[in-house]
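Please treat every number below as a calculation from the coordinates, not as lab data. All figures in this text were calculated on a predicted structure; none of them were measured in a lab. Please note: Cβ atoms are built from the backbone with ideal geometry, for glycine as well, and neighbour counts cover all protein chains shown.
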């Protein structure tokens, strides 16, 4: 049975100039695997991820024919039920540690806040769990990091702290929104191997949202390519180079390559029929 | 003789009684009309070198010369006319409450250069933006359009050297391609010299003739473009960086 099933998800924002559709009928199902969602800014990939947790504020509206997580209907769940799911069963890692961590709380306080409030675990026990989580994401001196404020950490450390925070409640599904785009290639590789181990060892499901097509192709099992709120192509990650859709091909071609020719990079041609408003 | 000569540069930050040596004994020379790249992880000191050239970092040793002349503190208006910088994040580098027109004409006003009206329009067309964008605010532009404005601003005083600090890493892939193409075209048209920082080896390879690999504030290895593509590096660190970028290699099956 699949962990998450989404059918015909739509996200609409009511604006002064009429409704704007950010997500226009996205369907997918997810088992205990790594699903990549790729697309450029404004493609609706982040909105798709947030919809699963119903984290869209008015004037945004979510509608779906079906959105079921582990047998529970997310469209009918009360706000109370959703709060029980968020963090505990479905975790989310945001893009930028600079904006997603609380700047006036130490990392230790932030990591243990959930344990203290939600699980009523206090003091040394909560601290031990937080240190273990930091160790699980390969932070070498967890004691220093526990006492540090977010601005005292590098981007890579901050990102690992956020992943550690999401892992403490051991969720069944992790939604990672650009978890590595602020990181260097070598740190990126470390963070990916941490996520990979979690999917393998804990049987966690992972939705990996990224704008980096090559990264997703290397790391995920399956890839959804989004454009203007629609899934334009779904394929197995290892077949990414065989992509047929002009948008996916365009995205692959416009990247510079080591040893490539010095001529101008091909731009992305958005003049095809597929890019028109209302195209399927 | 190079246009930019950096000799044994050291930059040390002091805070809370602690010293951080961001750059230690780095030397490099960039020839006129050359495009030179700096790569390395965050914290390797690559952006600090650019800031040191602009006088925005505490230089504690070594010398920086532009066109054979040692730079003085403060840098002065002559420096701004020769050297300009483009920053990574176009959301942070443009004044949010100034119109594009004001952003672009400010350098002209400071340097008492007339004819700003025509120059602003020309600057916008040169970077491929419609002249009607003049009276917009940054929040009314997309990321790629903002970075074009930042490039236009840097070129207002017609400098010969552009310092580029990760100019495309905040942009989407297709927009990155457009901005890189724009930079290449401007360099050809105006005979500019680039000193460019990036963590993306593929971007550096596409844009630069030579590249310096940095780690922990020190220079690790200098590579010519051909040596980079052919993986002829001699240090273990440069190789590991190269291998972590393996997915950015040209697919041999598709090589021309």
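Couple of notes before you dig in:
- The calculated 222 nm mean residue ellipticity attributable to helices in chain A amounts to -10000 deg cm²/dmol, summing -39500 (n - 2.57) over DSSP H runs of n ≥ 4 and dividing by all residues.
- GNM remark for chain B: springs join alpha carbons under 10 Å apart, and the peak mean-square fluctuation among B:55, B:67, B:115 falls on B:115.
- As a calculated quantity, the FRET efficiency between residue A:105 and residue B:7 at R0 = 56 Å, using C-beta atoms, amounts to about 0.80.
- Nearest 10 degrees, 0 to 90: helix B:173-190 Cα axis against chain B principal axis: 80 degrees
- The simple Förster model, with R0 at 30 Å and r as the Cβ-Cβ distance, assigns residue A:262 and residue B:81 a FRET efficiency of 0.55.
- Cα-based helix-to-principal-axis angle, A:107-117 vs chain A, degrees rounded to 10: 80 degrees
- The mean sequence distance of close C-alpha pairs (under 8 Å, at least 6 residues apart), as a share of the length of the stretch B:20-131, puts its relative contact order at 13 percent.
- Gained length - residue A:245 relative to residue A:116, 0.36 nm times residue gap less alpha-carbon distance: 41.5 nm
- Taking the DSSP beta bridges with both ends in chain A, the antiparallel portion is around 60 percent.
- Gain upon complete extension [residue B:29, residue B:109; 0.36 nm per residue less C-alpha separation]: 25.5 nm
- Computed FRET value (nearest 0.05) for residue B:189 with residue A:197, which takes r as the C-beta separation and R₀ as 35 Å: 0.10
- Three-way shape call for the protein assembly as shown based on the alpha-carbon gyration tensor, with the a/c threshold at 1.5: prolate
- Spin-label zone in the stretch B:62-95 - amide nitrogen under 11 Å from a point set 7 Å from the Cα of residue B:15 along the C-beta vector: none
- One chain, two ends: residue A:2 and residue A:77. Fully extended at 0.36 nm per residue, the span grows by 25.1 nm beyond their Cα-Cα distance.
- Cα gyration tensor, the stretch A:25-131 - rounded (a/c under 1.5), prolate or oblate: prolate
- In this rough spin-label picture, where each label sits 7 Å from Cα along the Cβ direction, the residue B:240-residue A:141 distance is 1.9 nm.
- For the stretch B:133-194 and the stretch B:1-61, distance of Cα centres in Å: 23 Å
- Shape call, chain B: gyration tensor on alpha carbons, a/c limit 1.5: oblate
- Among A:124, A:243, A:77, the largest mean-square fluctuation in a Gaussian network model of chain A (Cα springs under 10 Å) belongs to A:124.
- Gaussian network model of chain B, Cα within-10 Å springs - most flexible of B:35, B:198, B:105: B:105
- For chain B, the longest principal axis of the Cα atoms and the long axis of helix B:100-110 meet at an angle of about 80 degrees.
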